[in-house]
Amino acid sequence: MNKQLAIVEDDPDVRAILQRSLSADGYGVTALSSGDGLEDVLSASHHDLIIMDVGLPGIDGLTLTRNIRALFDVGIIIVSGRGDLTDRVVGLELGADDYITKPFEPREILARVRSVLRRGGRGMAVAAPSRRQRLAFDGWLLDMTSRSLSDAAGNPVPLTSGEYKLLEVFVGHANRVLSRDQLLDLIYESDTPAFDRSIDVRIGRVRKKLGDDPRNPRLIKTVRNDGYIFVAKVTAPQ
């Protein structure tokens, strides 16, 4: 079945270009001029990815990203005319999977969409049989089959696809120092982005989910000038 995408873009010309390019590439596309009806669209039918402008009328794209991330298991690419580092970091901190600045070529959008979908997205990838297992650390349980995290009481802790993949890499390489480049390679494989600040942002989000104080972390420690190390003891419960 074709992947289903939603476009949220108030500029009719940009919206038409995106809809035409993505439809021609085989995707099912729902196009909206604002974020007002997005939650209804996502509730009514499954969507794999949202491409969302920042400067929307009414609720802005960044606020919408935060709200959608809390409610739905869907990939998010932010599109914006603002390309400075601060805006990119804010977008990633709120849970976006990628950030593209205007003007852009339709080919770039297609490449980014394919990349985000290939990374596994939320609920889109099935773990390989050899990885169908559960790993425990410091009272937490990471389930490779359901791609989920639960605390010591068994309560689920929501993770974005990027947060899950980062935690999976750390758990699988416990007690080894990993540089930013190594983390990027392990997370993105052949689709490694040049924007390595995203690793720091994602680590901050994962630390927060794990209750790991960034000023004195117990689990994910910063190794100055070298990268990061996950220091918890990892076990495979029966």
Seminar exercise, completed: Computed over the stretch 4-124, the relative contact order (Cα-Cα under 8 Å, seq sep at least six) in percent reads 24 percent
Problem set entry | Computed magnitude of the charge dipole of the stretch 4-124 (debye, nearest 20; Cβ of K, R +1, Cβ of D, E -1) | 440 debye
Exercise. Using modelled amide H (1.01 Å from N, peptide plane; none on Pro or chain starts), what sits under 5 Å from the amide H of Lys102, excluding residues fewer than 5 places away?
Worked result: Ser80, Gly81, Arg82
Problem set entry | For Ile59, distant residues with modelled amide H under 5 Å away | Gly35
Exercise. What FRET efficiency comes out for the pair Val223/Ile59, r = Cβ-Cβ distance, R0 = 35 Å, nearest 0.05?
Worked result: 0.30
Exercise. Once the Cβ-Cβ distance between Asp10 and Thr145 is put in as r, and R0 is 45 Å, what FRET efficiency do you end up with, to the nearest 0.05?
Worked result: 0.65
Exercise. Considering only the chain, what is the antiparallel percent among its DSSP beta bridges, to the nearest 5?
Worked result: 50 percent
Exercise. Relative to the longest principal axis of the chain, what angle (0 to 90°, nearest 10) does the C-alpha long axis of helix 161-172 take?
Worked result: 20 degrees
Exercise. Among 164-175, 219-230, how do they line up from the highest to the lowest mean number of other beta-carbon atoms within 10 Å?
Worked result: 164-175, 219-230
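Name the trypsin sites (Lys or Arg not before Pro) in the stretch 5-111 that are in a loop by DSSP and that have at most 15 other C-beta atoms within 10 Å, would you? It would help to have the intermediate numbers written out before the result.
Values: sites: Arg15, Arg20, Arg66, Arg69, Arg82, Arg88, Arg107; in loops: Arg82.
Of the trypsin sites (Lys or Arg not before Pro), the ones in loops of the stretch 5-111 whose Cβ has at most 15 other Cβ atoms within 10 Å are Arg82.
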Problem set entry | Structure-derived Rg and Dmax of the Cα atoms in Å: which label, when the choices are (1) 19.2, 63; (2) 18.1, 56; (3) 19.3, 67 | (2)
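Please tell me which of these pairs span more than 22 angstrom C-alpha to C-alpha: Lys165/Lys221; Lys102/Lys165; Lys209/Lys233?
Details: Lys165/Lys221 18 Å; Lys102/Lys165 28 Å; Lys209/Lys233 18 Å.
Over 22 Å apart, Cα to Cα: Lys102/Lys165.
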For this session: Using the charge dipole of the chain (Lys, Arg: +1 at Cβ; Asp, Glu: -1 at Cβ; taken about the Cα centre), state which of Val14, Leu149, Gln4 has its Cα farthest towards the positive end.
Result: Leu149
Problem set entry | Spin-label pair Asp200/Asp25, simplified geometry with 7 Å Cα→Cβ offset, distance in nm | 3.0 nm
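Just from its helices, what would the mean residue ellipticity at 222 nm be for the chain, if runs of 4 or more DSSP H residues each count -39500 (n - 2.57) and the sum is divided by every residue, rounded to the nearest 500 deg cm²/dmol? Could the numbers behind the result be given before it?
Details: 9 runs with 91 residues, N = 238.
One gets -11500 deg cm²/dmol as the mean residue ellipticity at 222 nm.
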For this session: Determine the gain in length on full extension of the stretch His173-Ala236; use 0.36 nm per residue of separation and subtract their C-alpha separation, reporting nm with one decimal.
Result: 21.3 nm
For this session: Please work out how much length the chain gains when fully extended from Ala153 to Asp213, using 0.36 nm per residue of separation minus the C-alpha to C-alpha distance, in nm with one decimal.
Result: 19.6 nm
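Can you give me the relative contact order of the chain as a percent, contacts being Cα pairs under 8 Å and 6 or more apart? Working shown, then result.
Details: 367 pairs, mean separation 33.5, N = 238.
With pairs under 8 Å counted, the relative contact order is 14 percent.
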Problem set entry | Angle in degrees between helix 12-24 and the longest Cα principal axis of the chain, rounded to the nearest 10 | 70 degrees
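Throughout, read-outs are computed from the coordinates displayed, never taken from laboratory work. Computed from a predicted structure; not experimentally measured. Because the Cβ atoms are built from the backbone with ideal geometry, glycine has one as well, and the counts that use them run over all protein chains shown.
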